[in-house]
Amino acid sequence: MKPAPFEYHAPTTVTDATNLLAEAGDSAKVLAGGQSLVPMLALRLAVFEHLVDIGRIDELQGIERRDDALWIGAGTTQARVEASDEVALAVPLLTKATPFVGHFQIRNRGTLGGSIAHADPAAEYPGVALALDASMHVRSSKGRRTIAARDFFDSLWTTTMEPDELLDGVSFPIWNGRRSFAVEEFARRHGDFAIAGATVGIELDDGDRIRRCAIGLIGLGATPERAEAAEAELVDRMITEIEPDDVGHLAMAGLESVPDDLHGSAEFRKRVGRAMVARAWATAGAEVRNG
C-alpha cells in the first residue's frame with residue numbers, strides 16, 4: 001500500500017519546526033528517523049496531512065554531559081548512541097539496550113527521540129528512560145518545558161506532549177559509585193519487538209547493601225512500566241540475601257494492563273517477564289558484586 005497524500009516539510013531550525021506544528025495542529029506529525037512512522041503510514045494505520053521532518057535540524061543532534069546528567073539530542077541516531085564512549089561511561093544501560101533495537105540498518109536511521117516520542121511499550125528506549133527517571137525537554141512556539149519520564153507516557157503510542165510540541169532532547173541521570181546495569185528481553189526473532197523484557201540497575205553502598213535500584217518492564221503494559229513496589233522492597237537489603245527469582249515475582253505483582261494478543265497471552269507474558277527480570281537482576285547483581 002501507499003500512504004495517504006500529505007504535505008512534506010523539512011525545517012532546518014527548531015523554531016521553524018515548532019512554528020509549523022503550531023500552524024498545522026492535530027493534522028501534523030513529526031518525522032524523526034521514520035523507522036516506525038513510515039510503515040504505519042504505508043499501511044494507512046496513521047494518516048496526517050503534514051509531515052514535519054526534523055532530520056536536518058543540527059541543534060537536535062549531540063551527546064554532552066550537563067551537571068549530573070547526560071543530555072542526548074532527540075535527533076541523535078541510535079547507532080551514534082550505541083558507539084558513544086561517553087554514553088557507555090555515563091549511562092551504561094542505554095549502551096546495553098541499544099543492540100536490542102531492531103537491526104543495525106534501523107539504528108543507522110532511527111533516533112533516540114523518535115523512539116521515545118513514539119512511546120511503544122515494547123520498545124527499549126522508553127523503558128530505559130522510565131527506569132532511570134529521565135527528563136524529556138520539549139519545545140513549542142510558546143516556550144520550553146521539561147516532563148519527567150513518569151509523567152510522559154500516557155497510553156499506547158501516546159505521550160503527554162501537546163500537538164504543537166517537539167521533543168528536543170532527553171536528560172539521563174548519571175549513577176555514580178558501585179553500580180551495574182543489565183537488559184534482558186524475549187522476542188520471536190532478534191530485532192522484533194519484545195514480548196517481554198526488563199531493564200535493571202543496581203547501586204550498592206560500601207557494605208554491599210542496595211542503596212537504590214531500578215526495574216523497568218518492556219512489553220508488559222499499555223505504556224512502559226516500572227516495578228516501583230519491588231524496588232522499594234529491595235532497597236536497604238543486602239545484595240547477597242536476594243534471590244533473582246524472587247525479584248522476578250515481585251516485579252510482576254500488581255501489573256494490571258498486560259497485553260493479551262496474538263503474540264502471547266497475558267499470563268504467558270508475565271511468565272516471560274518474571275524470567276527476564278530474574279536474568280537481568282542476576283547479571284547486574286553479579287557484576288556489581290565483582291566490581
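The values are calculated or read from the model by the stated rules, or taken from the named source; none is laboratory data. As the structure is a computational prediction, the values presented were derived from the model and not from experiment. A quick note on method: Cβ atoms are made from the backbone with ideal geometry, for glycine too, and the neighbour counts reach across all protein chains shown. Surface accessibility is based on the protein's heavy atoms, side chains included, excluding ligands, DNA and RNA. Shrake-Rupley method; radii C 1.70, N 1.55, O 1.52, S 1.80 Å.
For region 78-107, the candidate set comprises residues that are of a type in the set (S, T, N, Q) and modelled with pLDDT of 95 or more; within that set, the residue that is nearest to residue 175 (Cα to Cα) is 95. Being closer than 14 Å to residue 165 by Cα and at pLDDT below 95 is a description that applies to residue 29. Residues that are within 21 Å of residue 198 (Cα to Cα) and either under 13 Å from the mean Cα position of the chain (by Cα) or among the small types (Gly, Ala, Ser) (or both) within region 137-157 comprise 148, 149, 150, 152, 153, 155, 157, listed in sequence order.
Of everything in region 102-136 that is under 9 Å from the mean Cα position of the chain (by Cα) and of a type in the set (D, E, K, R), the residue that is nearest to residue 179 (Cα to Cα) is 124. Scanning region 224-235 for residues that are assigned by TED's automatic domain parsing to the domain that holds residue 118, aliphatic (A, V, I, L, M) and not in a loop (DSSP other than H, G, I, E, B) turns up nothing. Go through (1) open to solvent by less than 50 Å² (accessible area, probe 1.4 Å); (2) outside any strand (DSSP E or B); (3) touching a helix residue (DSSP H, G or I) at 6+ places or on another chain (Cβ under 7 Å); (4) closer than 23 Å to residue 221 by Cα one by one and return the number of the condition residue 194 breaks. Failed condition: (3). With respect to the conditions (1) assigned to a helix (DSSP H, G or I); (2) open to solvent by less than 30 Å² (accessible area, probe 1.4 Å); (3) more than 30 Å from residue 199 (Cβ to Cβ), residue 79 lacks only one, and its number is (3). For region 280-288, the criterion of being farther than 21 Å from residue 155 by Cα, touching a residue at least 12 places away in the same chain (Cβ under 8 Å), part of a strand (DSSP E or B) and touching an Asp or Glu at 6+ places or on another chain (Cβ under 6 Å) is met by no residue.
Scanning region 199-206 turns up no residue that is more than 18 Å from residue 287 (Cα to Cα), open to solvent by less than 10 Å² (accessible area, probe 1.4 Å) and not aliphatic (A, V, I, L, M). Being among the small types (Gly, Ala, Ser) and either touching a strand residue (DSSP E or B) at 6+ places or on another chain (Cβ under 9 Å) or assigned by TED's automatic domain parsing to the domain that holds residue 23 (or both) is a property that does not hold for residue 102. Restricting attention to region 88-108, report how many residues are surrounded by fewer than 20 Cβ atoms within 10 Å (Cβ to Cβ), touching a Ser or Thr at 6+ places or on another chain (Cβ under 7 Å) and touching a residue at least 60 places away in the same chain (Cβ under 8 Å). Qualifying residue count for the region: 0.
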